[in-house]
Amino acid sequence: MAEKIIGIIPARGGSKSVPRKNLQNLLGIPLVAYSIESALRSRQIDEVYVSSDDSEILETSEKFGAKTIARPSEISGDFSRDAELIDHLISSELSGFPSETLIVFLRPSHPIRNPQTIDEAITIFSNSTDFDSLRSMKIATEIPYKMWRIDDLGRAISVTDNNSIDTFDPCNAPRQLLPETYYQDGYVDVFPIQTIKKFGNTCGVKVLPFVIDEFSHDIDTFSDLKIINDKLQNDPLPEWLTIPRIKL
């Protein structure tokens with residue numbers, strides 16, 4: 001197990017699909033607070049940080065128990081990468097931490113997380129060897145081998161390298177003959193600081209899959225927000241789900 005395990009919640013102020021998304025209410029509680037609560041209730045995460053360019057998000061995050069780091073606006077835009085904010089953290093708040101320090105990356109758009117599942121992901125990655133990162137995934141229902149993009153000349157081009165699988169002519173093959181695929185779902189990512197330093201990103205080359213088999217939902221639109229609100233209001237809440245409260 002790493003000497004230090006840090007929870008990082010990236011919560012910038014801007015969002016085009018859902019304005020002020022990270023402060024949207026779920027049962028009267030701001031969205032970002034749910035990820036803070038899950039991280040604080042983890043038995044393995046030592047410290048929880050929220051990185052944001054927005055003063056209201058930073059103030060709210062402190063009220064719910066997180067440490068906060070003001071993120072420069074130049075790395076908080078629509079096209080900014082996760083690696084940029086981690087680099088900023090490493091050069092500032094985490095500058096004295098060893099390269100083996102684990103980062104547990106928890107996107108605030110994914111509010112319903114079991115702290116025990118987070119701890120399981122940390123343990124699995126810590127006990128593994130020869131992996132640069134762990135990334136949570138779910139089984140994909142859509143088939144990437146039957147997906148296309150349209151190039152500048154108006155031609156349909158396969159989005160996958162179909163030579164990498166054994167099935168002949170996969171775009172016309174039955175589903176049963178195609179490999180099962182997974183999509184990254186945003187539940188949890190785990191990686192050491194050294195992965196960022198070595199590869200300049202949060203996954204590296206060798207990614208350990210962590211398959212999620214429980215309800216979870218990422219919020220990208222107002223429809224997604226309604227799904228989560230309805231879930232919290234109408235379904236029996238799991239025993240592990242604690243509605244966040246302001247830390248006094």
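The values are calculated or read from the model by the stated rules, or taken from the named source; none is laboratory data. Here the structure is a predicted model, which means the values were calculated and not measured. All Cβ positions, even for glycine, are placed from backbone atoms using ideal geometry, and neighbour counts span all protein chains on display.
Selection within the range 5-25: residues that are out of contact with any Pro (no Cβ under 9 Å at 6 or more places or on another chain) and under 20 Å from residue 118 (Cα atoms). The member of this set that is surrounded by the fewest Cβ atoms within 10 Å (Cβ to Cβ) is 5. Can you find a residue that is surrounded by 14 or more Cβ atoms within 10 Å (Cβ to Cβ), of a type in the set (Val, Ile, Thr) and under 30 Å from residue 20 (Cβ atoms) anywhere in the range 116-132? Checked against the condition, which is being surrounded by 14 or more Cβ atoms within 10 Å (Cβ to Cβ), of a type in the set (Val, Ile, Thr) and under 30 Å from residue 20 (Cβ atoms), the range 116-132 yields at least one hit. It is to be established whether one or more residues within the range 149-157 are of a type in the set (Lys, Arg), at pLDDT 90 or above and either under 18 Å from the mean Cα position of the chain (by Cα) or loosely packed, with under 11 Cβ neighbours inside 10 Å (or both). Looking for residues that are of a type in the set (Lys, Arg), at pLDDT 90 or above and either under 18 Å from the mean Cα position of the chain (by Cα) or loosely packed, with under 11 Cβ neighbours inside 10 Å (or both), one finds at least one in the range 149-157, hence yes.
Any residue at all in the range 188-203 that is closer than 30 Å to residue 85 by Cα, in contact with a His (Cβ under 9 Å, 6 or more places away or on another chain) and assigned by TED's automatic domain parsing to the domain that holds residue 115? Among the residues of the range 188-203, at least one is closer than 30 Å to residue 85 by Cα, in contact with a His (Cβ under 9 Å, 6 or more places away or on another chain) and assigned by TED's automatic domain parsing to the domain that holds residue 115, which makes the answer yes. Looking at the range 199-248, which of its residues are over 25 Å from residue 60 (Cβ atoms), touching a residue at least 12 places away in the same chain (Cβ under 8 Å) and not in a loop (DSSP other than H, G, I, E, B)? Correct list: 199, 207, 208, 209, 210, 211. Of the residues that make up the range 46-56, is at least one under 17 Å from the mean Cα position of the chain (by Cα) and not in a strand (DSSP E or B)? For the range 46-56, residues under 17 Å from the mean Cα position of the chain (by Cα) and not in a strand (DSSP E or B): absent. Residues of the range 139-148 include at least one that is assigned to a strand (DSSP E or B), at pLDDT 90 or above and surrounded by 10 or more Cβ atoms within 10 Å (Cβ to Cβ).
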